[in-house]
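The values are calculated or read from the model by the stated rules, or taken from the named source; none is laboratory data. Owing to the predicted nature of the structure, the values given are computational and were not obtained by experimental measurement. Positions of Cβ are backbone-derived with ideal geometry, glycine not excepted, and every protein chain shown enters the neighbour counts.
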Amino acid sequence: MHRSIALGLVALSGAAFGADKVVESVPGIAFQYSGTPNPQAVTFTTEEPITGIGLTGDWSSVSGDLGGGSFPWALDLEAVVTAPGGEQGSWFAPFTGDVTIADFPINDGSGEILSGKAGPGVYTVAWADVINQPGSLARVENVVYHALSVVPDVVSTYTALPDPSTSWSRPFFIGGVSSLGPVSYDVFEFTVDTPGRYILTSVLEVEDNHYSFLYKGSFEDTRPLQNLFDYGLGNGFSPFGEPQGTSRIDTLLFPGETYFWVTSTWASSSPTDEESTNTIVGPGNVISDRLGCREDINNDGTVDLGDFGFFAASFGTVIGDANYRAESDFDNDGDVDLGDFGGFAKAFGRTDCLG
């Protein structure tokens with residue numbers, strides 16, 4: 001069961017250019033890295049302004065694993081990106097998940113580290129180990145590079161409440177599975193319609209400990225390490241610096257995949273009635289049965305002529321215009337045009353838009 005589920009989906013305008021959209025994906029070659037930078041070249045052909053780089057791949061330790069999987073971690077990786085013409089941007093750690101909870105893939109984006117003025121050409125990415133532990137050597141296989149371009153944020157929000165009828169032994173970021181359970185959880189199943197970097201943030205209504213986990217493909221509470229994709233500490237000890245009660249996951253997500261965001265109670269001794277506000281910020285729409293339809297602009301549960309009136313009123317406008325409605329900018333490119341009409345027309349007639 002879910003209690004007091006707050007639903008919302010809005011695209012922010014004005015200064016809300018900050019989401020990173022994948023505009024091109026190019027396979028790369030496997031590489032190893034240590035404390036000495038290892039430059040790799042990738043050629044992008046897109047005419048979209050490239051403001052950042054993304055990387056997906058499978059991480060493994062070659063040597064220097066001194067703690068049974070606790071070192072080195074994938075989050076020790078950093079890169080210096082050189083664009084055609086010589087402009088450089090630094091992508092510093094930590095930016096991936098560690099491998100102590102499972103063999104996490106690397107699946108991350110740099111954010112805005114380039115101006116976007118370089119255009120297509122050869123980009124050089126020099127990978128290195130931040131800690132530079134003597135004898136440490138890691139390898140990344142099944143490498144794909146992603147060109148990122150900044151677009152307006154799209155924000156999706158709901159309220160998560162661990163269901164007392166659920167029970168699992170949640171993952172633990174060093175030992176595999178926690179011994180503090182069994183605990184209850186909330187699970188949010190969703191897809192996205194735009195590839196890019198998404199930030200998932202779960203904030204408890206009280207200052208307490210919790211955890212959130214991201215699964216790809218399927219989620220089974222009896223097999224907590226299967227399909228585990230990423231996680232966020234909510235106990236104040238996150239490597240990303242979040243305070244107690246805040247869990248954050250920063251990752252690339254892609255259309256065609258089904259994701260499960262699990263918000264979990266910390267321990268069996270923790271309260272089970274603590275709600276959290278869960279927010280997903282990225283370049284596209286989050287699609288879930290627990291969210292309404294973005295095309296339902298007047299929020300009456302249906303996509304009909306009433307919504308078309310709002311859409312038509314903003315047609316031809318751009319961010320900053322008085323009649324611009326970010327909800328109608330379905331492709332998140334900063335204006336409302338024929339490219340957005342297709343998205344609206346596809347949803348026209350839906351009657352299931354109330355979560």
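Before moving on, here are some points about what is shown:
- The one condition from (1) surrounded by fewer than 24 Cβ atoms within 10 Å (Cβ to Cβ); (2) at pLDDT 90 or above; (3) of a type in the set (A, V, I, L, M, F, W, C) that Ile287 does not meet is (2).
- So Ser264, is it crowded, with 22+ Cβ neighbours inside 10 Å and either under 26 Å from Asn227 (Cα atoms) or outside the structural domain of Asp76 (by TED's automatic domain parsing) (or both): yes
- For the stretch 207-220, taking the residues that are surrounded by 11 or more Cβ atoms within 10 Å (Cβ to Cβ) and assigned to a loop (DSSP other than H, G, I, E, B), the one that is farthest from the chain's Cα centre (by Cα) is identified as Asp208.
- In the stretch 77-93, the residue that is modelled with the lowest pLDDT out of those that are assigned to a loop (DSSP other than H, G, I, E, B) and touching an Asp or Glu at 6+ places or on another chain (Cβ under 7 Å) is Ala93.
- Picking from residues in the stretch 268-289 that are in a loop (DSSP other than H, G, I, E, B) and among the polar types (S, T, N, Q), the one that is nearest to Asp329 (Cα to Cα) is Asn285.
- Residues satisfying the criterion are absent from the stretch 243-259 (criterion: farther than 29 Å from Phe219 by Cα, without any contact (Cβ under 8 Å) to a residue 40 or more places away in the chain and not basic (Lys, Arg)).
- Looking only at residues in the stretch 30-74 that are of a type in the set (S, T, N, Q) and at pLDDT below 80, the one that is surrounded by the most Cβ atoms within 10 Å (Cβ to Cβ) is Ser61.
- Considering Thr191, Thr157, Thr166, Thr201, the condition of being assigned to a strand (DSSP E or B) and either crowded, with 22+ Cβ neighbours inside 10 Å or at pLDDT below 90 (or both) is satisfied by Thr157 alone.
- Qualifying residue in the stretch 327-335 (condition: crowded, with 18+ Cβ neighbours inside 10 Å, at pLDDT below 85 and within 30 Å of Tyr185 (Cβ to Cβ)): no
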